[in-house]
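Novice: Sharing a structure here in structure tokens format.
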Amino acid sequence: MIRELAEYTQRTDQVKTTQRDLEQDGFCRNPFFHGIISEVPQEHQSKEGYTIVAYSLYYFSYKAFTGRAVFMNQLYVMPEFRGNGIGKALMTKVAQMGLAAGCKELNFTVLDWNSRLGTFT
């Protein structure tokens, strides 16, 4: 799905991360990032047969003026599953994880041409 997101954002040439990088950096004793996936039941799988249909990557940071923050680095939902609230649910979960860690901010940057994301409240 990382490659799918790169295609969607027209940045395939920028993908340098390997599966090994992800395993080492996200599934170690002190991970550099955290991730959440969204999975659908087998009967609702994607056209290609996948049940994992969305993901979000996030990490914790610290801001000198406001303290603890969570930064949602990526949010991706497979096109055929968009519009069902999956993205909002993932963003909400990242916000909950931030609150549980004492964060006062959730930061997320959207490319200016990606108007489909709308607003989040």
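The values are calculated or read from the model by the stated rules, or taken from the named source; none is laboratory data. None of the values given here were measured: they were computed from a predicted structure. Note: ideal-geometry Cβ built from the backbone for every residue, glycine included; neighbour counts use all protein chains shown.
Novice: Among the residues of segment 1-53 satisfying the criterion of being outside any loop (DSSP other than H, G, I, E, B) and of a type in the set (S, T, N, Q), which is nearest to E80 (Cα to Cα)?
Specialist: Restricting to residues being outside any loop (DSSP other than H, G, I, E, B) and of a type in the set (S, T, N, Q), the top hit is S38.
Let's see how each residue does on (1) under 30 Å from C103 (Cα atoms); (2) of a type outside the set (V, I, T); (3) out of contact with any Leu (no Cβ under 8 Å at 6 or more places or on another chain):
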residue	(1), (2), (3)
E7	no, yes, yes
R20	yes, yes, yes
I37	yes, no, yes
Q42	no, yes, yes
F60	yes, yes, yes
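Novice: Now, a different point. Looking at L57, L106, L90, L99, can you tell me which residue is over 17 Å from R3 (Cα atoms) and assigned to a strand (DSSP E or B)?
Specialist: From the options L57, L106, L90, L99, the qualifying one is L106.
Novice: I'd like to verify a number: residues in segment 39-67 that are more than 23 Å from Y8 (Cα to Cα) and surrounded by 15 or more Cβ atoms within 10 Å (Cβ to Cβ), how many?
Specialist: Residues flagged as more than 23 Å from Y8 (Cα to Cα) and surrounded by 15 or more Cβ atoms within 10 Å (Cβ to Cβ) within segment 39-67 amount to 1.
Novice: Okay, moving on. Would you mind telling me which numbered condition in (1) surrounded by 12 or more Cβ atoms within 10 Å (Cβ to Cβ); (2) modelled with pLDDT under 95 Q10 fails?
Specialist: (1)
Novice: Starting from segment 41-52, keep only residues that are touching a residue at least 24 places away in the same chain (Cβ under 8 Å), then list their pairs with residues that are part of a loop (DSSP other than H, G, I, E, B) whose Cβ atoms are within a distance under 6 Å, requiring at least 6 positions of separation or different chains.
Specialist: Correct list of pairs: S46/M78.
Novice: Any residue in segment 70-95 that is over 13 Å from F60 (Cα atoms) and basic (K, R) sitting within a Cβ distance under 7 Å of a residue that is surrounded by 17 or more Cβ atoms within 10 Å (Cβ to Cβ) and at pLDDT 90 or above? List the pairs, counting only those 6 or more apart or interchain.
Specialist: Correct list of pairs: K93/I36.
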